[in-house]
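Step one of this worksheet: look at the structure below.
The values are calculated or read from the model by the stated rules, or taken from the named source; none is laboratory data. As the structure is a computational prediction, the values presented were derived from the model and not from experiment. With ideal geometry, Cβ positions are generated from the backbone for all residues, glycine too; neighbour counts draw on all protein chains shown. These area figures cover heavy atoms from the full protein model, side chains too; ligands, DNA and RNA do not enter into them. Shrake-Rupley method; radii C 1.70, N 1.55, O 1.52, S 1.80 Å.
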Amino acid sequence: MPEPQPAATRRTAPLPDEEALVARAVAGDRGAFARLVEHYQSACYGLAWRLLNDAEMAADATQDAFVHAFDAIDRYRGGAFRSWMLRITANAAYDILRRAQRRPTQALPDPAEGEAELADHGLPAPSDEAARGEMYRHLDAALRLLPEDQRTAVVLADVYGMDYHQVASLTSSALGTVKSRIHRGRLRLRELLAEQRELFRP
Amino acid sequence: MMHDPNRHPDDERLSALAEGDPEATADRALIAHVASCDRCRRTVDELAALRTALSALPDVTPPRPLRLLPPAPEPGRGRTSLLRGLFAPTLAAGVLLAVAGGVGSFGSLLSGMAASGAAPAEVAQPATDQGAVSGGGQPAPSGYDAYDGGRNLATDGGAKHGQTPPSAPVNVVVWPVVLGAGLVLVAGALVLRYAVLPRAG
Ligand SMILES: [Zn+2]
């Protein structure tokens, strides 16, 4: 493996007593807040990592998101706690992205290098579970090769299920621009994954 | 946006169709083309499968432990806010004592100078006013103490003035002490608030 693979976990399901925990956290219970944040930390980190393409920056963004969430928890107005945490994480990641973009040394990954890496992954293992893991690794590797504007739009909309208005406001872009980035990003992903087509059989 | 049946629609339209965008699903020409074109139907199917796969991408464990909570408020902070809370009551108590003591001192000075007769009535008047004023403005428990003390002393003084001149030497000592204690409290409160606490915070 040319670069360390992230430790993947399945998508985090809501906690059984989540509503009560959220109510306690909103009322100022630090223990309840810590439990919620701990539960969703890999959801938040996954989003930050896919937005930023960088493990260290993603950990910083997730840490910032926890602090922002703690400051904002008394203004929490219902809805899924996971979505709320993810929006805060996306904002924190964008703050870090903008700061990084002001430094000119930040180099984009070389797409050709990445394509070679993608081809190296080989054939899927026989079991369904392993094949799914293989598919996800291909998918993340391909996402990393997208131009940043397409990647962030696809990550927010298709990976994390945000609606296009939310994506537009998070990325400070027009709605039409967001849609076009998402479409172009998906089409580029499909090209990049052409050799793994059998993994994405409908 | 017109679709020539012999020409493939733009791929972005196929992506919109793959996600069920109502504007694309209402486009009859687009639907008709996809239904009759293997290439475009395959693209739509693959894009839909891609979306399904994207929406199932797993969460990722952070590479290092993250702090779940900001640091808890330190005990020192608690003491500071306790001291901060003491400021207003201490200042109020000090002001009340100082005013009571000042008025009392002034009164006993007058009664000391006047041998007897009309003076007691004049002295009793400010002492009663003082009781009314402090009764109206007692904000906190320690202000209460000061108020009670001030009034007791004031009525004591007034009663003694009304009775006999021999009590005058006692008042001459008590009222300045009350005045002094009030001034010390006021000064202490101000020092605490503006000299000690800013550095502690
Ligand atoms: Zn076609």
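For segment A:124-202, the per residue solvent-accessible surface stands at 43 Å², with DNA, RNA and ligands left out and a 1.4 Å probe.
About its Cα centre, segment A:14-111 has a charge dipole of approximately 300 debye under the convention of +1 per Lys or Arg Cβ and -1 per Asp or Glu Cβ, with nothing else charged. Projecting the Cα atoms of B:Ala16, B:Ala53, B:Ala29 onto the charge dipole of segment B:11-55, computed from C-beta unit charges around the Cα centre, puts B:Ala29 farthest toward the positive end. Phi angles of segment B:186-194 translate, via the Karplus equation with coefficients 6.51, -1.76, 1.60 and θ = phi - 60°, into HN-Hα couplings of 4, 4, x, 4, 5, 5, 4, 6, 9 Hz per residue; Gly and Pro are given as x.
Once R0 is set to 35 Å, what does the formula 1/(1 + (r/R0)^6) return for the Cβ-Cβ distance between B:Leu86 and A:Glu19, expressed as a FRET efficiency to the nearest 0.05? Taking R0 as 35 Å, the efficiency between B:Leu86 and A:Glu19 is 0.25.
Note on segment A:125-202: with charges restricted to the Cβ of Lys and Arg (+1) and Asp and Glu (-1), its dipole about the Cα centre is near 280 debye. Just the protein heavy atoms count here, and of the accessible area of segment A:124-202 at 1.4 Å, carbon and sulfur take up 50 percent.
Peptide B:39-52 has a mean shielding of 4, counted as Cβ atoms of other protein chains within 10 Å of each residue's Cβ. Over all other residues within a Cβ to Cβ distance under 12 Å of A:Ile73, the charged ones net out to +1, with Lys and Arg as +1 and Asp and Glu as -1. Buried surface for the B/A pair, taken as the accessible area of each chain alone minus that of the pair with a 1.4 Å probe, is close to 3800 Å² in total.
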